[in-house]
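The values are calculated or read from the model by the stated rules, or taken from the named source; none is laboratory data. Computed from a predicted structure; not experimentally measured. As a convention, Cβ positions derive from the backbone with ideal geometry for all residues, glycine included, and neighbour counts pool all protein chains shown. Side chains are part of the model used for accessible areas, which takes the heavy atoms of the whole protein and leaves out ligands, DNA and RNA. Shrake-Rupley method; radii C 1.70, N 1.55, O 1.52, S 1.80 Å.
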Amino acid sequence: MRTAYSVETVRAAERSLMARLPEGALMQRAAAGLAAACADLLGRVYGSRVVLLVGSGDNGGDALYAGARLARRGAGVTAVLLSPERAHQGGLAALRRAGGSVTEPSPAAEELIRRADLVVDGIVGIGGKGGLRPDAAALATLAERSGAAVVAVDLPSGVEADGGEVRGEAVRADLTVTFGTHKPALLIDPAREYAGSVRLVDIGLDLPQEAELEALQHADVAALLPLPQAESDKYRRGVVGIAAGSARYPGAAVLAVAGALRGGAGAVRYVGPAGSAVIARFPETLVSDRGPAKAGRVQAWVVGPGAGDDAATVAEVLEADVPVLVDADGLRLADRDAVRGRSAPTLMTPHAGEAAALLGVSREEVEGARLTAVRELAARYRATVLLKGSTTLVANPEGGPVRVNATGTPWLATAGSGDVLSGLSGSLLAAGLTARDAGSAAAYLHGLAGRYAADGAPAGAHDVANAIPEAWRDVRS
């Protein structure tokens, strides 16, 4: 499992470690890791042209010391100082001793960037807020257009470490070398898009057990997935109820059922007006026309995909004393107090537009501050919230680490894909997973299935559902 910690937590850990180390030792650890990453990216260090974009403080110091190491290996290294009076003096001295040169922003410095093989972004550290200043933004743009590889020190300058916001111009890196731990912005969009590949350098930080963010890996998901035992029957494996679809949107019901059937539950009960369409596609489905309360035994419900304006069914499902997943139209139709008053777990799965409507803000505001939005929704509804997007976030109402998932692909942005995710998540809920684990594991499998289904070409939601078993086998292998 990858974890990310807040700026405050990282700085506290750094202070604690520095108190036990000789002065400057921690920066030297970081610089050594940064220089090694730059050397790997260059391939051949001797004779390469390296430009350091250096701001004030320790972030610039890391870049300067790393530049000194590259210069000792034969690279031509020039540091462009954006704040000469506040540049790290020890780093400057080390660079000069190693044969590197120093300049300030100028047409000559711009020409060096255009001809560089590697540009190191040491402009702003993890405490930076807002976008880059105009002089720094101009150099960052020049570096991006130069054709040089761009390496960010700890975090791309201009993105905000704790929330992943990008409030102005920012460096777009090919590689980010981060120290001690991931920062939230390296895992969450929109900032994640600016980081490129991420390389974590261990500098010996002693971090708390509870992180700010968690990103599950194959082994973590494999440990969550339900497996039938010798004595299992369909009821012991879990029965998920699907209350979805309408005369206008029967396909939503079919796709939600498709996701549920591939999610590990023993059986799927369908309630709604699309029974004929569901049975025609999936004859193993248990179809009822008597409403959720009389449909028969279930261990979890999924309500909302394609529901149109059927508020009564949404309200009836929310009264059930089992875990409930609310998606799509159900998010609009669900009474907030009814959700807040539930004793059984609730999992809400909005995309950015739906989250914006629930929060009363613009879609752009949600997309620009996804971590803030998912936490606010979870607290407001007292429910676990899965915020869909290029990076899916899962937050619990009581706080704790937010789960982040990035297994998806842009090809998943297709009609019905979310319905498949709802059915898959609901099946895992019925199998006994917590709302947080069900949403996290489902998002992981759904993202992998999207990759397998698309394989570099367009794919429909039904293709994604059909690829879930392949994703499941991959995770379990």
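The table that follows gives values for the structure above.
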read-out: Meets criteria (under 24 Å from residue 398 (Cβ atoms), of a type in the set (A, V, I, L, M, F, W, C) and outside any helix (DSSP H, G or I)) for residue 361; value: yes
read-out: Residue check, residue 70 in contact with a Cys (Cβ under 7 Å, 6 or more places away or on another chain), surrounded by 19 or more Cβ atoms within 10 Å (Cβ to Cβ) and of a type outside the set (Gly, Ala, Ser); value: yes
read-out: So residue 446, is it open to solvent by 20 Å² or more (accessible area, probe 1.4 Å), under 16 Å from residue 305 (Cβ atoms), out of contact with any Lys or Arg (no Cβ under 6 Å at 6 or more places or on another chain) and not in a loop (DSSP other than H, G, I, E, B); value: no
read-out: Where a residue in the range 262-278 is among the basic types (Lys, Arg) and its partner, wherever it lies, is part of a loop (DSSP other than H, G, I, E, B), with Cβ under 7 Å and at least six apart; value: 269/295; 269/296; 269/298
read-out: Pair list, Cβ < 7 Å and 6+ apart or interchain, from the range 84-111 residues that are among the small types (Gly, Ala, Ser) to residues that are surrounded by 12 or more Cβ atoms within 10 Å (Cβ to Cβ) and assigned to a loop (DSSP other than H, G, I, E, B); value: 87/56; 90/24
read-out: Only one of 154, 117 that is among the acidic types (Asp, Glu) and at positive phi; value: 154
read-out: Per-region count, the range 114-141, residues surrounded by fewer than 21 Cβ atoms within 10 Å (Cβ to Cβ) and of a type in the set (A, V, I, L, M, F, W, C); value: 2
read-out: Answer from 265, 307 - the residue that is in contact with a helix residue (DSSP H, G or I) (Cβ under 8 Å, 6 or more places away or on another chain), assigned to a loop (DSSP other than H, G, I, E, B) and closer than 22 Å to residue 437 by Cβ; value: 265
read-out: Candidate set: the range 43-81, residues that are assigned to a loop (DSSP other than H, G, I, E, B) and in contact with a Leu (Cβ under 7 Å, 6 or more places away or on another chain); chosen: the one nearest to residue 26 (Cα to Cα); value: 55
read-out: Residue in the range 317-325 that is part of a loop (DSSP other than H, G, I, E, B), under 20 Å from residue 268 (Cβ atoms) and among the acidic types (Asp, Glu) present; value: yes
read-out: Close pairs (6 angstrom Cβ cut-off, 6 or more residues apart or separate chains): over 21 Å from residue 255 (Cα atoms) and surrounded by fewer than 22 Cβ atoms within 10 Å (Cβ to Cβ) in the range 295-322, at pLDDT below 95 and of a type in the set (A, V, I, L, M) anywhere; value: 316/293
read-out: Condition met for residue 21 (within 21 Å of residue 181 (Cα to Cα) and either open to solvent by 10 Å² or more (accessible area, probe 1.4 Å) or in contact with a Cys (Cβ under 6 Å, 6 or more places away or on another chain) (or both)); value: yes
read-out: For residue 215: the one exception among (1) modelled with pLDDT of 95 or more; (2) open to solvent by less than 60 Å² (accessible area, probe 1.4 Å); (3) touching a helix residue (DSSP H, G or I) at 6+ places or on another chain (Cβ under 9 Å); value: (3)
read-out: Test: residue in the range 223-232 that is under 25 Å from residue 372 (Cα atoms) and of a type in the set (S, T, N, Q); value: no
read-out: Check on residue 270, in a strand (DSSP E or B) and of a type in the set (Phe, Trp, Tyr); value: yes
read-out: Pair list, Cβ < 9 Å and 6+ apart or interchain, from the range 177-200 residues that are within 15 Å of residue 367 (Cβ to Cβ) and open to solvent by 10 Å² or more (accessible area, probe 1.4 Å) to residues that are outside any loop (DSSP other than H, G, I, E, B) and of a type in the set (S, T, N, Q); value: 194/176
read-out: Filtered residues of the range 19-28 (kept if under 15 Å from residue 94 (Cα atoms), touching a residue at least 12 places away in the same chain (Cβ under 8 Å) and not polar (S, T, N, Q)); value: 24, 27
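Residue-by-condition table, conditions (1) among the small types (Gly, Ala, Ser); (2) surrounded by 20 or more Cβ atoms within 10 Å (Cβ to Cβ); (3) farther than 20 Å from residue 198 by Cα:
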{"site": "46", "(1), (2), (3)": "no, no, yes"}
{"site": "76", "(1), (2), (3)": "yes, no, yes"}
{"site": "88", "(1), (2), (3)": "no, yes, yes"}
{"site": "94", "(1), (2), (3)": "yes, yes, yes"}
{"site": "107", "(1), (2), (3)": "no, no, yes"}
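A quick yes/no check of all residues on (1) at pLDDT 95 or above; (2) buried (at least 22 other Cβ atoms within 10 Å of the Cβ); (3) under 20 Å from residue 464 (Cα atoms); (4) not aromatic (Phe, Trp, Tyr):
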| site | (1), (2), (3), (4) |
| --- | --- |
| 254 | yes, yes, yes, yes |
| 265 | no, yes, yes, yes |
| 272 | yes, yes, no, yes |
| 276 | yes, no, no, yes |
| 281 | yes, no, yes, yes |
| 290 | no, no, no, yes |
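To keep it simple, each residue is scored yes or no on (1) at pLDDT 95 or above; (2) of a type in the set (D, E, K, R); (3) within 13 Å of the chain's Cα centre (by Cα).
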| site | (1), (2), (3) |
| --- | --- |
| 167 | no, yes, no |
| 179 | yes, no, no |
| 182 | yes, no, yes |
| 190 | no, no, yes |
| 195 | yes, no, yes |
| 198 | yes, no, no |
